[in-house]
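Here the structure is laid out as structure tokens; the discussion comes afterwards.
The values are calculated or read from the model by the stated rules, or taken from the named source; none is laboratory data. It should be emphasised that the depicted structure is a prediction, and the values quoted were computed from it without experimental measurement. Note that each Cβ is placed from the backbone with ideal geometry, even for glycine, and that neighbours are counted across all protein chains shown. The protein model used for the area step is the full one, side chains on, heavy atoms only, and it has no ligands, DNA or RNA in it. Shrake-Rupley method; radii C 1.70, N 1.55, O 1.52, S 1.80 Å.
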Amino acid sequence: MENLYKKYQQSSCVCTDSRNLTPDCLFVCLKGANFDGNKFAAEVLEQGAKYVITENRDLQGNPRAVVVDDALKTLQQLAHYHRQQLKMPVIGITGTNGKTTTKELINAVLSTTYKTACTKGNLNNHIGVPLTLLSIQPTDEMAIVEMGANHVGEIADLCEIADPDFGLITNIGVAHIEGFGSKENIIQTKKALYRHVMAQGGTLFVNETDNVLRNGLSYDNVVFYGQDAEAQIVSMNPYLKIRIGTETVETHLTGSYNIWNFMAATAVGRFFQIPDNVIAKALGNYVPSNHRSQVDRIGSNVIISDYYNANLTSMTAALKNLSQLEHPRKVAILGDMRELGDLSVEAHTEISQLAENLHLETYFVGQEFAKVVKNNVFADVEEANAYFVAHPLENAMVLIKGSNSMHLNKLTAILNA
């Protein structure tokens with residue numbers, strides 16, 4: 001590993017996609033069900049990669065090739081070895097909802113005072129976490145690593161790679177339950193972050209109002225948040241206005257549920273000795289661009305884009321938030337919630353009934369909603385586009401919410417109006 005690490009240090013960065021090759025990079029040949037990067041090992045060397053990690057035995061003996069049995073495992077081992085060389089605090093973040101927004105807000109706060117490294121986008125899985133770690137530079141002072149999971153034991157595995165000494169779980173709800181089997185399995189998988197940090201003698205940031213997170217937690221190094229001392233809502237129409245201490249902040253996020261994310265970021269900032277006025281300015285300056293609680297005015301409509309992901313908890317929160325906002329015409333366009341397994345029919349029924357009870361003008365997209373609703377339902381985004389071209393929405397506040405795989409970003413009849 002020491003020899004491989006020297007090659008990593010001599011490289012400009014780590015790449016895994018031959019379509020986005022960076023000169024002098026260390027290229028890792030990954031493979032999946034529909035691709036095999038090992039086929040391009042020789043090609044990426046010709047195109048400018050400095051070294052390549054590959055399972056391709058034909059490159060055995062090439063001084064610029066590291067031939068291994070398992071390229072993914074080698075990537076993870078290299079990332080862990082790099083983590084062991086780092087002396088900076090590493091904050092691990094996971095949760096069912098809000099982890100990416102919370103990560104972005106924490107980074108916005110900490111980067112006012114420290115040179116931070118942070119997960120890009122949502123590269124939070126068994127490939128993304130190693131790539132995040134390997135992007136950390138010796139000059140960085142603090143790292144924020146997002147961790148996601150869709151099967152039992154995944155957070156524990158990611159903790160073994162990233163070795164966080166601070167941990168924050170935003171919440172634990174029902175998502176990806178097909179891969180977990182039960183909510184208890186989800187809870188135990190997510191709480192592996194707590195167990196790892198506790199074993200290291202590190203510090204946890206815990207929402208004290210969340211009974212699921214507090215249940216069974218017996219540990220001294222805990223920073224609790226969740227009361228008005230951290231943040232409180234002043235108003236919401238559609239953007240959240242919050243108060244932090246004596247500071248009032250006009251944010252660029254909608255959704256009352258985001259108050260917990262602001263509280264978490266405030267608690268972390270205060271722990272690392274950042275003053276309230278600096279925290280408030282950082283949170284006010286944060287502008288989302290990832291389709292999570294993002295607000296845009298498009299034509300005569302106000303669009304709330306929240307279609308990167310969806311599950312029963314987040315869909316419920318988004319609908320309730322829309323119902324609380326002031327606007328003469330409130331419209332919800334809801335795409336299927338994926339990976340709910342046997343709970344799918346029940347969950348989609350619950351959401352459709354909630355939308356009806358909240359008296360929202362609602363349209364549904366996807367086969368799962370088609371099983372439980374009769375009106376205003378479209379098989380896919382193309383069918384929805386055709387409808388809204390013929391019946392354009394005007395002067396409306398529109399929530400667009402659904403799982404990423406529903407491709408609601410292609411709802412061009414509304415998003416490109």
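Determine whether ILE136 is out of contact with any Gly (no Cβ under 6 Å at 6 or more places or on another chain), in a loop (DSSP other than H, G, I, E, B) and open to solvent by less than 10 Å² (accessible area, probe 1.4 Å). So ILE136 passes the test.
Quick grid of which residues meet (1) within 25 Å of ILE274 (Cβ to Cβ); (2) open to solvent by 60 Å² or more (accessible area, probe 1.4 Å); (3) at pLDDT 95 or above; (4) of a type in the set (A, V, I, L, M, F, W, C):
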site: LEU193; (1), (2), (3), (4): yes, no, yes, yes
site: LEU204; (1), (2), (3), (4): yes, no, yes, yes
site: THR209; (1), (2), (3), (4): yes, yes, no, no
site: ARG214; (1), (2), (3), (4): no, yes, no, no
site: LEU217; (1), (2), (3), (4): no, no, no, yes
site: VAL223; (1), (2), (3), (4): yes, no, yes, yes
site: ALA229; (1), (2), (3), (4): yes, yes, no, yes
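Would you be able to tell me the number of residues in segment 249-290 that are over 20 Å from PHE224 (Cβ atoms), open to solvent by less than 60 Å² (accessible area, probe 1.4 Å) and either small (Gly, Ala, Ser) or assigned to a loop (DSSP other than H, G, I, E, B) (or both)?
Final tally of qualifying residues: 8.
Looking across TYR387, TYR363, one residue alone is of a type in the set (Ser, Thr, Tyr), surrounded by 21 or more Cβ atoms within 10 Å (Cβ to Cβ) and under 18 Å from LYS410 (Cα atoms). It is TYR363. As a summary of the residue check, THR101 satisfies the conditions (1) β-branched (Val, Ile, Thr); (2) surrounded by fewer than 20 Cβ atoms within 10 Å (Cβ to Cβ); (3) under 30 Å from ARG292 (Cβ atoms) except for the one numbered (2). Please indicate, with yes or no, whether at least one residue in segment 176-186 is free of Cβ contacts under 8 Å to residues at least 60 places away in the same chain, surrounded by 17 or more Cβ atoms within 10 Å (Cβ to Cβ) and over 22 Å from ASN211 (Cα atoms). No, segment 176-186 contains no residue that is free of Cβ contacts under 8 Å to residues at least 60 places away in the same chain, surrounded by 17 or more Cβ atoms within 10 Å (Cβ to Cβ) and over 22 Å from ASN211 (Cα atoms). Out of GLY148, GLY167, GLY92, one residue alone is modelled with pLDDT under 95 and buried (at least 23 other Cβ atoms within 10 Å of the Cβ). It is GLY148. When SER293, SER300 are screened for being in contact with an Asp or Glu (Cβ under 6 Å, 6 or more places away or on another chain), within 23 Å of THR412 (Cβ to Cβ), open to solvent by 20 Å² or more (accessible area, probe 1.4 Å) and touching a residue at least 40 places away in the same chain (Cβ under 8 Å), only SER300 passes. Comparison of LEU343, LEU319, LEU358 shows that the only residue that is in contact (Cβ under 8 Å) with a residue 24 or more places away in the chain, buried (at least 19 other Cβ atoms within 10 Å of the Cβ) and farther than 19 Å from HIS407 by Cα is LEU319.
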